[in-house]
1. Pairs under 8 Å by beta carbon, first residue more than 18 Å from residue 307 (Cα to Cα) in region 322-344, partner among the hydroxyl-bearing types (Ser, Thr, Tyr), six or more apart or different chains?
2. Which condition number in (1) in contact with a Gly (Cβ under 9 Å, 6 or more places away or on another chain); (2) in a helix (DSSP H, G or I); (3) not basic (Lys, Arg) is the one that residue 263 fails?
3. Would you mention how many residues in region 169-178 are within 25 Å of the chain's Cα centre (by Cα) and surrounded by fewer than 24 Cβ atoms within 10 Å (Cβ to Cβ)?
4. Considering only region 215-257, state which residues are closer than 26 Å to residue 41 by Cα and at pLDDT below 95.
5. Looking only at region 292-301, decide whether some residue is in a helix (DSSP H, G or I), of a type outside the set (A, V, I, L, M, F, W, C), within 27 Å of the chain's Cα centre (by Cα) and more than 27 Å from residue 396 (Cβ to Cβ).
6. When residues of region 397-446 are filtered for being within 29 Å of the chain's Cα centre (by Cα), assigned to a loop (DSSP other than H, G, I, E, B) and of a type in the set (D, E, K, R), how many remain?
7. In region 277-289, how many are closer than 24 Å to residue 31 by Cα and assigned to a helix (DSSP H, G or I)?
8. Going through 269, 210, 241 one at a time, which residue ends up being touching a residue at least 60 places away in the same chain (Cβ under 8 Å) and either out of contact with any Ser or Thr (no Cβ under 6 Å at 6 or more places or on another chain) or within 19 Å of residue 316 (Cα to Cα) (or both)?
Amino acid sequence: MISRSSIRRLAAGLIACLMAVEPVMAQNRVSLIRDAEIEATVRAYAAPLFAVAGLDPDAVQVYLVNDQRINAFVAGGQRLFLNTGLILRAKTPNQLSGVIAHETGHIAGGHLARIQDALSTASTTAIIAMLLGIAAAALAGDGKAAGAAVIGGTSLAQRNLLHYNRGQESSADQAGMSYLDRTGQSSRGLLEFFGILEQQELLAAIRQDPYLRSHPLTRERIDAVRAHVARSRHSDAVDSPELRARHDRMLAKLRGFLQSPSETLAQYPASDRSLPARYARAIAYYRIPDLKRALPELDQLIRDFPKDPFFHELKGQVLFETGRGQEAAAPYREALRLAPAEPLLRYGLAQVLLERNDVEAATEARALLNEAVRHETRNPSFWRLLAIAYGREGNIGMAALSLAERYAAAGDNRNAVQQSNRALGILARGSPAWLRAEDLRAEARRGVKRDEEQDRRRGDDD
């Protein structure tokens, strides 16, 4: 068993590397996908399960990891990570709900508590570094992956840190099935997911998906779930047509962005006139890029479904990323009008506005981003863009404060101290912004001391 001090030292070593090795990303990238529509769909599955487990649905953070392998895990308190490979293998909402219910059982049961001290205050970047075995990570934009924030790195030490014992696995199964029952859902999807895992058990360990290695499957677990399905009065419950439609859209969108365009177009031929197929083809055409086919496909979707914010958002993204930024603002504005609570839509419109490089546009972008960071306080990309907006307005003090927030969110304590000091030297003493800069500086200084102490301990161990 790994001692708590060893875990802390390992975490410190990984966290210290986070901001320094961008070249590694190009060689072996693991990304966090950010997409308002997909996140909303996953949350529609997860929120009822979180609620019956006694968790605050708004307090549990859900992250989508761009990795084709089947995996899901919880870390750092109430943070749930789902691989896109797992989502794409889930043929029905119920299968994905079964996995989420199981992982919710780990959260509610306090499993992996031995490493929570090392992770509970870590940034998402640090958690990815530790738990996906990433030796280095940095944040950047990645429109072609339908997201605003990307984290990259290489494989290192997953199995030691993501290992549940058999008792915890059985406990999470039982808890998950009770959550499914209490929300009127079948546990059949969880049993079907176990069937997918069973197919991998004969593979060599190196070829198995990470979920099977970190969540060991046993005959007793399968039998217990099968017995529950046999006796539960909810076992014949089926997914609602609305949820199935959202699931099919989510799969089409992920395939459109993550597969090659040729694969997507083969999977969704022109003869298929369903909404998911049209959506997937529009994305594939844009990625080729073939705007003469992408834009008409999107325009027809918007005509057929004018109140769907995500078709407008995609059109804005396509226009912006193909050099037609002046035209991109209108569809982004319409998307935000239809879904005003989505911070990622505010980010998208702000990004378009800041391309104009004028003060009026910067002022509108700044207002959008100030609202967005109220909901995503730990998103470095949002804070970076807000710093640019303040800089365009000539408000250097607030630009420095926004950069301090950015570095603090990314776990870069030294730069957070530097930018906090810069802000304190410009902002009005005693103002709310000045007080926030002072708090950030104090927090970052403590972080620097922790980093230095951990460096010293590692040196002693060597």
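1. 322/286
2. Every listed condition holds for residue 263 apart from (1).
3. 2
4. Hit for region 215-257 is 215, nothing else.
5. Let us first name the residues in region 292-301 that are in a helix (DSSP H, G or I), namely 292-301.
If we keep only those that are of a type outside the set (A, V, I, L, M, F, W, C) as well, we get 292-293, 296-297, 299-300.
If we keep only those that are within 27 Å of the chain's Cα centre (by Cα) as well, we get none.
Among the residues of region 292-301, not one is in a helix (DSSP H, G or I), of a type outside the set (A, V, I, L, M, F, W, C), within 27 Å of the chain's Cα centre (by Cα) and more than 27 Å from residue 396 (Cβ to Cβ), which makes the answer no.
6. 1
7. Looking only at region 277-289, we keep the residues that are closer than 24 Å to residue 31 by Cα, and these are 279-289.
From what's left, assigned to a helix (DSSP H, G or I): 279-287.
Count: 9.
8. Working: 269 fails: touching a residue at least 60 places away in the same chain (Cβ under 8 Å); 241 fails: touching a residue at least 60 places away in the same chain (Cβ under 8 Å).
Answer to the check: 210.
The values are calculated or read from the model by the stated rules, or taken from the named source; none is laboratory data. Model, not experiment: these values are computed from the prediction. Note: ideal-geometry Cβ built from the backbone for every residue, glycine included; neighbour counts use all protein chains shown.
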